[in-house]
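Data first, discussion second: the structure below is written as structure tokens.
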Amino acid sequence: MPNNTEHASPADTAVFNIQKIAASFPDSADTMLIDTRLTDEPHASSRVFRVYRPVAAHYHATCDEYLSVLSGRAKFFLGEAPPFEVGPGQLIFFKQGTIHGTPEILEEPFVVLAVDTPRRDPSDVHFVNPTDGTAESFIESKHLY
């Protein structure tokens with residue numbers, strides 16, 4: 001049983017210690033984000049990620065996304081709306097194809113719990129300006145629990 005789960009019995013159930021996972025992220029990264037996948041099912045995937053630097057305008061073509069801020073504060077934008085501040089306890093929701101990004105990290109570590117419906121393949125990140133990044137420069141997945 002993974003050491004950051006509080007309880008896990010059959011493979012179709014698990015309880016994760018999100019705070020412990022969030023505390024496991026390194027202090028720096030070569031990518032914009034590092035995530036750890038918690039679940040990876042066809043109908044939905046979940047993960048915890050830390051944002052290390054501003055993230056340019058991008059979208060995901062295959063899933064809706066729910067983002068719950070666990071720690072830190074950042075500026076975030078959705079579509080054409082001006083950036084707004086997000087912090088712990090806030091839930092951000094947007095549909096597939098919605099352009100979004102994080103132009104500024106205000107307080108670190110900025111850590112988020114994400115649920116993607118249906119499952120988001122790690123390669124499903126499309127930058128509005130292709131010179132801003134690629135799926136490989138966007139996120140690195142690490143098994144932190």
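The values are calculated or read from the model by the stated rules, or taken from the named source; none is laboratory data. As the structure is a computational prediction, the values presented were derived from the model and not from experiment. Note that we place each Cβ from the backbone using ideal geometry, even for glycine, and neighbour counts take in every protein chain shown. All accessible areas refer to the heavy atoms of the entire protein, side chains included, with ligands and DNA or RNA removed. Shrake-Rupley method; radii C 1.70, N 1.55, O 1.52, S 1.80 Å.
For the chain, the Stokes-Einstein estimate of translational diffusion at 37 °C and a viscosity of 0.692 mPa s comes to 212 µm²/s, using the Kirkwood hydrodynamic radius over alpha-carbon pairs. Near residue 37, the amide H atoms lying under 5 Å from its own belong to 142; only residues 5 or more places off or on other chains count, and H is placed 1.01 Å from N.
Over the residues of the chain, the helix contribution to mean residue ellipticity at 222 nm works out to -1500 deg cm²/dmol, using -39500 (n - 2.57) for each DSSP H run of at least 4. Sparse packing (at most 15 other Cβ atoms within 10 Å of the Cβ) combined with a DSSP loop state is found for the following GluC sites (Glu not before Pro) in region 59-145: 80. Remark: region 116-133, residue by residue, has Karplus-estimated 3J(HN,Hα) of 10, 10, x, 3, 9, 5, x, 7, 7, 9, 10, 7, 4, 9, x, 6, 6, x Hz, where x stands for each Gly or Pro and the curve is 6.51 cos²θ - 1.76 cosθ + 1.60 at θ = phi - 60°. Solvent-accessible area of region 21-145 (1.4 angstrom probe, protein heavy atoms only): carbon and sulfur portion equals 54 percent.
Note on residue 95: aspartates and glutamates with a C-alpha under 15 Å away, same-chain residues under 8 apart excluded, are 64, 65, 80, 116, 124.
Accessible surface computed residue by residue for region 30-132, with neighbouring protein chains in place and a 1.4 Å probe, gives 46 Å² per residue.
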